[in-house]
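A quick write-up on the structure given underneath.
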Amino acid sequence: MRVWLLVGFLCCLQHRKLYLYLRRQGIFAFLIILLICGEDCFSISSYADNATSSTQLSEVDVIGQLDQERNSIQPSLGATDYNITSDGIDDESRGDNTSFDQVILRAPGVAEDQWEQMHVRGEHANLQYRINDVLLPEGLTGFGAELDPRFVANVSLIDGTLPAQYGFHTAGIVDITTKSGAFENGGDISMYGGSNSEVNPSMTYGGSAPGNINYFVTSSYLEDNLGIDNNTGGTSAIHDQTQEAKMFAYVSKIIDDESRISVMLGASHSDFQIPNAPGGALFNDGAGNPLPLPYIPSQDVNDRQIEQNFYGVVAYQKSEDKLNYQLSAFTRFSEVNYLPDPIGDLEYNGVASTINDSIFTNGLEFDSSYELNDRHTLRAGSIFTISDAINESNSDVFPEDPGTGAVDGPEESINANNQKQGETYGLYLQDEWKVTDPLTINYGVRFDQSYQYLNEYQLSPRINAVYEVDPATKVHVGYARYFTPPPLEEQQNFNPAIFNNTTNATAITTNSPDLAERANYYDAGITHDFSPKFQAGLDGYFKTAIDQLDDGQFNAAPIVTPFNYKYGQVSGVELTMNYKNGGFTSYANAAWSHALGSQWISDQFQFSQADLNYVANHWIYLDHDQALTVSSGVAYEFHGTKVYADLLFGSGLRQSSDPGQPDNIPNGKRVGSYNPVNLGIEHTFKLNSKHDIKVRFDIVNVADEVYELRSGSGVGVFAPSYGPRRGFYGGVTYDF
């Protein structure tokens, strides 16, 4: 087992930048030691050898008990918690062969966007990912979701008024419980593929080893011709090939009935072509002339992007009498490298920028709970992260004459490089108070501090009350104060004036720094079990924000940049229903939401003067505002055969009302609505008690609906993007 851990870590070290970072971050060298020497670092085996009494719990019982105790350290307690199991993932279109964002899109209030992005309850990205209750530090946004549904045993989307243990990114908590190997003694090999020349082999394997060790590993490879999004709406995309490789490994060692240590490793590497569209308009200089370049048709432009992500987590969990706690150390490296077409980008955009952005984050997290008495359970914890971010940009441009605007000289290169370090600190204390048998109040406070370009901090009270009207009905109401720092890795800390009198000049050169968002959030809802088979819930929320964060793509490189609205406001209602009867399962979610902002106060150089003036005096819809979002699905299993169907409906994200016109209102119109339907069937052939073969067939977008996610206009929207056309996919999985 030690060899597997070492091999995985050495693969990460093959990346030169990651190696240099590891050498610099000496305070986290113990992570490497843990991976190499495993349990011997703590003489864990001696504890296991001594735990041989007849009263010792079975290994499966211990794991189940420790999982339960870990979940009790960080319960949702009044927040809205929507749960999707691995079986639920399998009941959706393409099953665990789909991307991770498609899994979360089946939860209520999640709107789909281009590049596998999603928006929860009218928010921009602002999602926090946790694996086995340990924070996964943020990485650079890109096209390839690094998380693979194959390692998910259970995933919850937690939103609303979050308890005090959740800080910084608070639009939603994507809480993943991984497969551990304790309950999967064996594995599978799968081959899946179909339309768009997709080929997607994968494997998983899990089990137990001597010494109370459990492990689970998965890896997959994807190659197809629809890597990002089709930007023409045609049956096939132009210049959109992708190659993606992902792996995940989990290893845990049970020390005794009350404690264990776990290690998680993940890695992904993705190569993308940037899709093209025919008939692109040539860039003209300030005098209205095309640039002095050889002509390249827009469909032949060759832009590419490479993305890499690596992360590791070491966690120690202890459950002793009334005290439970978990101590974790984590590390993550994320990099995006954009490689332009040196002629094509200049010809159509006036600039060809080679961009290499990366962030390396290390951190420590501690969470605990203590049962003070029958009425009070105290919870406390802390988190600390330190990040190094590098933004390297080398832009080829043409100089322009200040008087005429005409090209005035040969092509030149301008560098806009910066390196920055950021730190975050978080502390919380809260009390779960069972006031009476039907009423529980969870109240607490957290302190957060972010030190980037600015030193910002906030004390944030939280309170949730849950009242059990009867055994079938629960009502909750809550308030939370939120503090969200801007993403360090995406901030553009340079002077836009360096591009004055070039083909990449901006009308505005003001570039105020990004600020942390500060918000008040209110939530109330009710859930009711109409029967053991049918449950439903209704939830409403309202948020007001100062320095509302948003992001967008503002140039040809498909990398997002954050900015602030001075004021923000988000409100909405969600309805969710689930029904299960024997082999039949179904769900339906509907959400209405409005998201508004006013006054841009940072990164102003990215906007036109007309739009900046308008937003200074008007509220506008945020570009990711979608009024109505619906997701639903059904599945029926009988005699080894399962049939399933699901659909997503969106009323459409935002676009400008009249792009480029004097009466244009930013984000003043909607892109059209859409409702693609997906169908599938799976049959399991039993070979013997331990082996079987699963055959699966999926049809995506059965009606071949042509629908647009983005039109190419709107605040921070650079290119059009369409959903996938009708596709046929199939696969064979051998379980052993």
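Side notes on the structure shown:
- Verdict on K253 being open to solvent by 10 Å² or more (accessible area, probe 1.4 Å) and touching a residue at least 60 places away in the same chain (Cβ under 8 Å): yes
- Criterion violated by V615 - all others in (1) open to solvent by less than 20 Å² (accessible area, probe 1.4 Å); (2) closer than 30 Å to V103 by Cβ; (3) among the aliphatic types (A, V, I, L, M) satisfied: (2)
- Of everything in the stretch 626-649 that is in contact with a Gly (Cβ under 6 Å, 6 or more places away or on another chain) and not hydroxyl-bearing (S, T, Y), the residue that is most open to solvent (accessible area, probe 1.4 Å) is E637.
- Subset of the stretch 533-550 that is charged (D, E, K, R) and touching an Asp or Glu at 6+ places or on another chain (Cβ under 7 Å) - its residue that is nearest to T484 (Cα to Cα): D547
- Qualifying residue in the stretch 584-604 (condition: part of a helix (DSSP H, G or I), surrounded by fewer than 20 Cβ atoms within 10 Å (Cβ to Cβ) and not hydroxyl-bearing (S, T, Y)): yes
- Odd one out for D551, checked against (1) crowded, with 18+ Cβ neighbours inside 10 Å; (2) in contact with a Gly (Cβ under 6 Å, 6 or more places away or on another chain): (2)
- Selection status of L575, open to solvent by 20 Å² or more (accessible area, probe 1.4 Å), within 17 Å of F649 (Cβ to Cβ) and aliphatic (A, V, I, L, M): yes
- Only residues that are closer than 25 Å to V263 by Cα, touching a Ser or Thr at 6+ places or on another chain (Cβ under 9 Å) and open to solvent by less than 10 Å² (accessible area, probe 1.4 Å) were counted in the stretch 329-350, giving 3.
- Against the list (1) touching a Phe, Trp or Tyr at 6+ places or on another chain (Cβ under 9 Å); (2) over 23 Å from Q452 (Cβ atoms), the condition D133 fails is (1).
- Which listed residue, of F483, F494, is open to solvent by 10 Å² or more (accessible area, probe 1.4 Å) and not β-branched (V, I, T): F494
- Answer residue from the stretch 276-292, given it is open to solvent by less than 50 Å² (accessible area, probe 1.4 Å) and touching a strand residue (DSSP E or B) at 6+ places or on another chain (Cβ under 6 Å) and is nearest to G139 (Cα to Cα) among those: N276
- The condition (being open to solvent by 50 Å² or more (accessible area, probe 1.4 Å) and closer than 29 Å to V134 by Cβ) is satisfied by just one residue among E258, E244, E223: E258.
- The selection criterion, being open to solvent by 20 Å² or more (accessible area, probe 1.4 Å), of a type in the set (A, V, I, L, M, F, W, C) and closer than 18 Å to E138 by Cβ, holds for L364.
- Among the residues making up the stretch 630-670, those that are in a strand (DSSP E or B) and within 21 Å of G552 (Cα to Cα) are G650, R654, Q655, K669, R670.
- Looking across the stretch 418-435 at every residue that is open to solvent by 60 Å² or more (accessible area, probe 1.4 Å) and either hydrophobic (A, V, I, L, M, F, W, C) or not in a strand (DSSP E or B) (or both), the one that is farthest from Q165 (Cα to Cα) is identified as W433.
- Listed by position, the strands (runs of 3 or more DSSP E) inside the stretch 148-241 whose residues that are polar (S, T, N, Q), out of contact with any helix residue (DSSP H, G or I) (no Cβ under 8 Å at 6 or more places or on another chain) and closer than 29 Å to F384 by Cβ number at least 1 are 152-159.
- Restricting attention to the stretch 694-707 and to residues that are open to solvent by 50 Å² or more (accessible area, probe 1.4 Å) and not small (G, A, S), the residue that is nearest to the chain's Cα centre (by Cα) turns out to be V706.
- Output for the stretch 116-145, where each listed residue is open to solvent by 30 Å² or more (accessible area, probe 1.4 Å) and either more than 22 Å from N589 (Cβ to Cβ) or hydroxyl-bearing (S, T, Y) (or both): Y129, E138, T141
- Unique match (being touching a Ser or Thr at 6+ places or on another chain (Cβ under 9 Å), open to solvent by less than 10 Å² (accessible area, probe 1.4 Å) and farther than 12 Å from E347 by Cβ) among Q273, Q305: Q305
- Residue within the stretch 137-150 that is under 19 Å from the mean Cα position of the chain (by Cα) and at positive phi present: no
- Inter-residue pairs, beta-carbon under 7 Å, first touching a residue at least 60 places away in the same chain (Cβ under 8 Å) and in a helix (DSSP H, G or I) and in the stretch 334-349, second of a type in the set (S, T, Y) and surrounded by fewer than 20 Cβ atoms within 10 Å (Cβ to Cβ), 6+ apart: Y348/S298
- Residue count for the stretch 276-323 under the criterion of being without any contact (Cβ under 8 Å) to a residue 60 or more places away in the chain, assigned to a loop (DSSP other than H, G, I, E, B) and not small (G, A, S): the result is 8.
The values are calculated or read from the model by the stated rules, or taken from the named source; none is laboratory data. No experiment lies behind these values; they were computed from the predicted model shown. Backbone-built Cβ (ideal geometry, glycine too); neighbour counts: all protein chains shown. Note: areas computed on protein heavy atoms with side chains; ligands, DNA, RNA excluded. Shrake-Rupley method; radii C 1.70, N 1.55, O 1.52, S 1.80 Å.
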